[in-house]
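To start, the structure under review is shown below, and the notes come after it.
Please treat every number below as a calculation from the coordinates, not as lab data. Small disclaimer: the values here were computed from a predicted structure and weren't measured. All Cβ positions, glycine included, derive from the backbone under ideal geometry; neighbour counts span all protein chains shown.
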Amino acid sequence: MILDLEVENFMSLRDTQRVELVVGAGVENSEKLGLAWPGADVRVSKVAAFFGPNASGKSTVLRVLPFLSAFLKDSFQLSPDASLNCEPFGDEISQDKPTRFSVGFPGPEVITEQAAIDPIGACCRYNYELRLTYRGGRRVVLGESLHYWPTLTKRKTRLFERDASGEVAAGKEFYLSKHRAVLKSILRDNASVISTLAQLDHGPSLMFRNAASQIVSNIFIEKTAVDETALLRYYQANPTVLAAVNSDLKRIDLGIRSMSIQLGTAGPFATFEHEGLSRPVPLHLESHGTRQFIQIYPWIMGALISGGIAVLDEMDIAIHPHVLPEILRWFYSETRNPKGAQIWMSCQNASLLEELAKEEVWFCEKDRSGATSVYGLREIAGVRRVDNFYRKYMSGTYGAVPTIG
């Protein structure tokens, strides 16, 4: 679960932008809010929905999470001379300024040297920060740090800090001593400390790498088409997910009784049994909305199963407005979402505002220089819970609407 996110000098996000999902103590309890961790007195929105005109920066905000996930998990696998795929704001001044990311999240209060891959027990707040710079024609690491706030001390405690030269200082809770010499020899300027130490089977790094892998997304730095063959292989290899999508296809009333997958000479193929039809329909003849639902479902289920974060771009483009609230209800449900998964999504369909609480709504707006501002509905003065958010947004009250003409 993400508690908060700060971004500076990343693509259209020139100035520091902050998305705060922790809600105030005065906000009334609701199924839309979850505990930051079991037993916490901190509550967090389970949904973060971003609205705004085309090219306003919604997708850019979402790209931050899969970028950080990939950096923490996989950056050690990059070529030593590779540049990190992270573009700063497009003006001349910003090219030489650092890019900064900061993300707050829950984690175990007690870290062991042989940290479990899926730790249980008391939790507390963590914060990871990454700074990147342009050096020698490449985007590389300028600094990296990880801190936490154990409740026993109630103080910010360093796990590790990395400086511009690549030197890493660590607290005793990070258990770096036996790996320090090797880390010094293999840590590269385009790889994370976590990804590097995970190669050495360093327990805490394996734990944090596993946490980063729970961010699942249909958006990347460069947009790519969905590989439907790989998607069908996933369903074929995961019968539990196939059974779940069949159950949900019937519940959301697409007129489909079931999807089945067979293995053909060219690989797996899917067919759909429809009410009233005498023969199955192949996937390529299904509606765009059905194909879109089939595509995003593994990411949604992956997050719900693991308690991770589903980051979905434009999931509302081809899915009916009545189906979208049903998907959000899966995240509100303690039965379907027992581990506190979140969904971050960009939205073009403003009617969804009628289903959301003000703590779940974020707007993106660009100024004349091309810089994106991100602000929450709850940050706008005078917004009441009884307001018709859809009507007010469409009338321009909240900003972040297209200017035509």
Expected sort for Trp344, Trp149 with the fewest Cβ neighbours (10 Å cutoff) up front is Trp149, Trp344
Scoring the chain by relative contact order with C-alpha pairs under 8 Å, at least six apart, yields a percentage of 21
In a Gaussian network model of the chain with springs linking alpha carbons closer than 10 Å, the residue among Leu277, Leu13, Leu159 that fluctuates most is Leu277
Computed, not fitted: 222 nm per-residue ellipticity of the chain from DSSP H runs ≥ 4 (each -39500 (n - 2.57)), nearest 500, equal to -7500 deg cm²/dmol
Per-residue Cβ contact counts at 10 Å, fewest first, order Leu206, Leu146 as Leu206, Leu146
The lysines whose Cα lies under 25 Å from the Cα of Lys366, excluding any fewer than 8 residues away in the same chain, are Lys58, Lys97, Lys223, Lys358, Lys392
Mean projected area, convex hull of alpha-carbon positions in the chain, reported to one decimal in nm², is 22.9
Within the set Asp313, Asp91, Asp367, GNM on the chain using Cα springs under 10 Å gives the largest fluctuation to Asp367
Out of Thr240, Thr16, Thr153, a Gaussian network model of the chain with alpha-carbon springs under 10 Å gives the largest mean-square fluctuation to Thr153
For the range 229-306, averaging the sequence separation of alpha carbon pairs under 8 Å that lie six or more residues apart and dividing by its residue count, the contact order in percent is 23
Inter-part gap, Cα centre of the range 152-185 to Cα centre of the range 4-51, in whole angstrom, is 28
Here the membrane-span-like helices of the chain, with no claim about any membrane, defined by DSSP H, Cα axial extent at least 24 Å and mean Kyte-Doolittle at least -1.0, are 58-74, 288-306
Quick note on Ile194, Ile219, ordering by fewest other C-beta atoms within 10 Å, gives Ile219, Ile194
